[in-house]
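Just so it is clear, none of the values below were taken in a lab; they were calculated from the coordinates. The structure displayed is predicted, hence computed values, not measured ones. Glycine gets a Cβ as well: all are built from the backbone with ideal geometry, and neighbour counts include every protein chain shown.
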Amino acid sequence: MSAAAVAQRRTFFQTLWYWLLRALGWDGVYHKPDAEKFIIIVAPHTSNFDFFIGFIYSRAFGMPSPNFLAKDTAFRGVMGPIVRWLGGIPVNRRERTNFVDQVVNAFNTRKRMILAITPEGTRSKVEYWKSGFYHIALRANVPIVMATIDYARKFITCGDMVMATGDMEGDIARIRAFFAGSTGRYPERQGEIRFRPADAAAIQAETDDAGTAAAPSSPPDSAASRAANGYPPA
């Protein structure tokens, strides 16, 4: 999908943020996604400093503020309007309501929604990425925007997009290619970019079931089978 390059002319405050970014020895590039609703995945995530430098980068390049997920109890009382104004989206963790369903519903009912996720789910080394973001993107039909924080070059890149197609192995290969060569603050905590085989198998099964349900049934080959199933003779 296309992404428009952000013009280098900045507002006064964006310029101040950019000077701070450069003073810290960092730089970056941002391609504005051509979409009002999308998921941003940020990797590699090995340090809390990722959020600090990522926030400065987002202000320097005029990125829209992302939404965030919070327990629905945080939206009660006087704090409710404030949390919503900040971009909070309530999720109910108490009832047996699928978390992915709740987030997909939020995407479907909003005109604008940007959800930032670290697919590793922790700063420690993991064997597999969590696939929640992929399930959400696939079912909500929203693009996945990729952002990498490369400590080796002190450079942040954000804006390239992929669409979830249901082919998890093919899609994760494209995502892996984007993040190839990026180094986290603690490289020893970086794991491979891959999904659990069971997650890929589940997605494939769902895709196959959907295709089977949508496809017209084919008449049986033998005359006996055709008659038994109500098809006219060949």
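Taking amide hydrogens as modeled 1.01 Å from N in the peptide plane, which residues meet the under 5 Å criterion relative to residue 159, leaving out close sequence neighbours?
So residue 159 has HN proximity to 31, 146.
Arranged by the count of other C-beta atoms within 10 angstrom, fewest first, what order do 178, 51, 13 take?
Numbers: 178 18, 51 14, 13 11.
Least crowded to most crowded, the residues run 13, 51, 178.
Which one of 53, 116, 90 has its Cα pushed farthest toward the positive end of the charge dipole of the range 39-138, where Lys and Arg give +1 and Asp and Glu give -1 at the Cβ?
The one lying farthest along the dipole's positive direction is 90.
Modelled label-to-label distance, residue 99 and residue 127, 7 Å Cα→beta-carbon offset: nm?
Label at residue 99, label at residue 127, 2.0 nm between them.
Given H placed on each backbone N at 1.01 Å, which residues far from residue 70 in sequence or on other chains put an amide H within less than 5 Å of it?
Amide H neighbours of residue 70, under 5 Å, 5+ apart: 89, 91.
Give me 103, 42, 83, 78 sorted ascending by neighbouring Cβ count inside 10 Å, so fewest comes first.
With the fewest neighbours first, 103, 42, 83, 78 line up as 78, 83, 42, 103.
Between residue 116 and residues 5 or more places away or on another chain, which pairs have amide H atoms under 5 Å apart, with H built 1.01 Å from N, and which residues are they?
It is 40, 67, by chain and number.
Could you check the spin-label model distance between residue 165 and residue 83? Points 7 Å from the Cα along Cα→Cβ, value in nm.
4.0
How far apart, in nm, are two points set 7 Å out from the Cα along the Cα-to-Cβ line at residue 14 and at residue 92?
For residue 14 paired with residue 92, the spin-label model returns 4.0 nm.
Rounded to the nearest angstrom and ordered from largest down, what semi-axes does the equivalent ellipsoid of the range 12-213 get from its C-alpha gyration tensor (root of 5λ)? Show your work: numbers first, answer last.
Details: eigenvalues 152, 108, 50 Å².
With the √(5λ) rule applied to the range 12-213, the semi-axes are 28, 23, 16 Å.
Can you give me the relative contact order of the range 12-213 as a percent, contacts being Cα pairs under 8 Å and 6 or more apart? Numbers along the way, then the final one.
Details: 332 pairs, mean separation 56.8, N = 202.
Normalised by residue count, the contact order of the range 12-213 is 28 percent.
Nearest 5 percent is fine: what portion of the DSSP beta bridges confined to the range 12-213 is antiparallel? If you can, show how the numbers build up before the last one.
Working: 7 of 26 bridges.
Approximately 25 percent, going by the DSSP bridge assignments.
Give a residue-ordered list of calculated ³J(HN,Hα) values for the range 141-150 (Karplus: 6.51 cos²θ - 1.76 cosθ + 1.60, θ = phi - 60°; whole Hz; x for Gly, Pro).
Whole-Hz 3J(HN,Hα) from phi for the range 141-150: 6, 10, x, 9, 9, 9, 9, 10, 10, 9.
Which whole-Hz ³J(HN,Hα) couplings does the range 14-21 yield from phi under the Karplus relation 6.51 cos²θ - 1.76 cosθ + 1.60, θ = phi - 60°, glycine and proline marked x?
5, 5, 5, 5, 5, 4, 5, 4
So if I place +1 on the C-beta of Lys and Arg and -1 on the C-beta of Asp and Glu, and nothing else carries charge, what would the dipole magnitude of the range 12-213 be about its Cα centre? I want it in debye, nearest 20.
Working: 25 positive and 20 negative charges, 183 e Å.
So the magnitude is around 880 debye.
Sort 45, 31 so the one with the fewest other Cβ atoms within 10 Å of its own Cβ comes first.
Working: 45 24, 31 17.
Placing the least packed residue first, the sequence is 31, 45.
Under a Cβ-only charge scheme (Lys and Arg +1, Asp and Glu -1), can you give me the dipole magnitude of the range 39-127 about the Cα centre, in debye to the nearest 20?
For the range 39-127, the charge dipole is close to 320 debye.
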